[in-house]
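These notes concern the structure reproduced below.
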Amino acid sequence: MKQKIKEFSKKYLVGFIIGSILFGTLGVYAVTYFPGLNTTYDNSDSGMTSTNVQDALDELYNVCVPPAGETIIEEAGLEKDPYECRYFFTGANPNNYVTFNGEKSGWRIISVECDGTIKIIRNKSIGDYAWDTSNSNGWKVASLNTYLNGTYLNSLSSESQDQIIVHDFSIGGVTNTYADLEDQVNYENSEKWNGKLALPTVSEYLRTNSNTNCKTMSSNDSNGICKNTTWMYINDNWSILARNSASSFSVYYVTSIGSLINTLRADYENNATRPTLYLNANIKLLGSGTSTDPYTIS
């Protein structure tokens, strides 16, 4: 693995904090620093597909990265999002495995965020739970929210708890009629919840698919084709962070063939649960992201 490190001149430090990742020959060693909150990023004209985490950061923080520099390593599947300041791992099996809470390759990176955090999801379910035992589809009062941010959070190691950052999660109501993924993203973002643990959103599930025909709500896949081009698929019915905007009690879930259904009662107890969380921007990563050599956090 080649090691190539970007050099940053002092003039780019004025008003910004440089975002950088150092990749070593034994794997990936990442220390990330991020610019101020008042910085505005406009990446809408690039249309690039990044090949690694460094490219993603260069793209997101192009205002503070000097022209000179080289790509560090190649890593397939990390794709710039056209709707938000984020990069997503897409495709059937990208190198996005993470060891978290002592669970080797037990988690996977969903996205690299504009604020420098990294969003991850547990690869397997922690068990079957109702969204809300009182049959309400509001996430802020959901019993699953209480469980994840109480009992489950407290079951994690103290080291792992320190690596999680309180973050905004998008919880706006959605509908199957959205033919444009941008509409889906906007409706999700119309309401936020601030906390540590939640579930992946509908649009995150769609955006991890490398098949462009599988990226909209209206492309609900009853034939099981779309499941072959997203790593987020598991052979189970599992809950996502999406309430049906036309109902006070129904929520979305992903079926065992990969399709999206929005008629599930919130008090239904037999859906798998895969927590998501944001890792602190100051973490260090070592590894290549494969299932046998996952990223480790220090």
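Residues of segment 91-126 being hydroxyl-bearing (Ser, Thr, Tyr) and surrounded by fewer than 24 Cβ atoms within 10 Å (Cβ to Cβ), which ones?
Thr99, Ser105, Thr117, Ser125
For Ile283, indicate whether it is surrounded by fewer than 21 Cβ atoms within 10 Å (Cβ to Cβ), under 23 Å from Tyr152 (Cβ atoms), of a type in the set (A, V, I, L, M, F, W, C) and at pLDDT below 90. Criteria met by Ile283.
Contact map, segment 97-122: first residue on the phi > 0 side of the Ramachandran plot, second residue in a strand (DSSP E or B) and surrounded by fewer than 24 Cβ atoms within 10 Å (Cβ to Cβ), Cβ cut-off under 7 Å, separation 6 or more or different chains; pairs are Ser105/Thr99. Looking across segment 219-275 at every residue that is within 22 Å of the chain's Cα centre (by Cα) and charged (D, E, K, R), the one that is nearest to Asn189 (Cα to Cα) is identified as Arg243.
List the pairs whose first member sits in segment 163-183 and is farther than 29 Å from Thr296 by Cα, whose second member is assigned to a loop (DSSP other than H, G, I, E, B) and among the β-branched types (Val, Ile, Thr), and whose Cβ atoms are under 7 Å apart, counting only residues at least 6 apart or on separate chains? From residues that are farther than 29 Å from Thr296 by Cα, the pairs are Tyr178/Thr216; Ala179/Thr216; Asp180/Thr216; Leu181/Thr216.
Among the residues of segment 137-151, those identified as more than 12 Å from Gly195 (Cβ to Cβ) and open to solvent by 50 Å² or more (accessible area, probe 1.4 Å) are Val141, Tyr147, Thr151.
Here's the yes/no breakdown for (1) in a loop (DSSP other than H, G, I, E, B); (2) over 19 Å from Tyr205 (Cα atoms):
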{"residue": "Ser239", "(1), (2)": "no, no"}
{"residue": "Arg243", "(1), (2)": "no, no"}
{"residue": "Tyr252", "(1), (2)": "no, no"}
{"residue": "Gly258", "(1), (2)": "yes, no"}
{"residue": "Thr263", "(1), (2)": "no, no"}
{"residue": "Asp267", "(1), (2)": "yes, yes"}
{"residue": "Tyr278", "(1), (2)": "no, no"}
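Restricting Ser134, Ser190 to residues that are of a type in the set (S, T, N, Q), in contact with a Gly (Cβ under 6 Å, 6 or more places away or on another chain) and open to solvent by 60 Å² or more (accessible area, probe 1.4 Å) narrows the list to Ser190.
Quick grid of which residues meet (1) small (Gly, Ala, Ser); (2) surrounded by fewer than 20 Cβ atoms within 10 Å (Cβ to Cβ):
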| residue | (1), (2) |
| --- | --- |
| Thr229 | no, yes |
| Asp236 | no, yes |
| Ile240 | no, no |
| Arg243 | no, no |
| Asn262 | no, no |
| Ala266 | yes, no |
| Asn271 | no, no |
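The values are calculated or read from the model by the stated rules, or taken from the named source; none is laboratory data. No experiment lies behind these values; they were computed from the predicted model shown. Positions of Cβ are backbone-derived with ideal geometry, glycine not excepted, and every protein chain shown enters the neighbour counts. When the accessible area is computed, the model is the full protein with side chains, heavy atoms only, and any ligands, DNA or RNA have been set aside. Shrake-Rupley method; radii C 1.70, N 1.55, O 1.52, S 1.80 Å.
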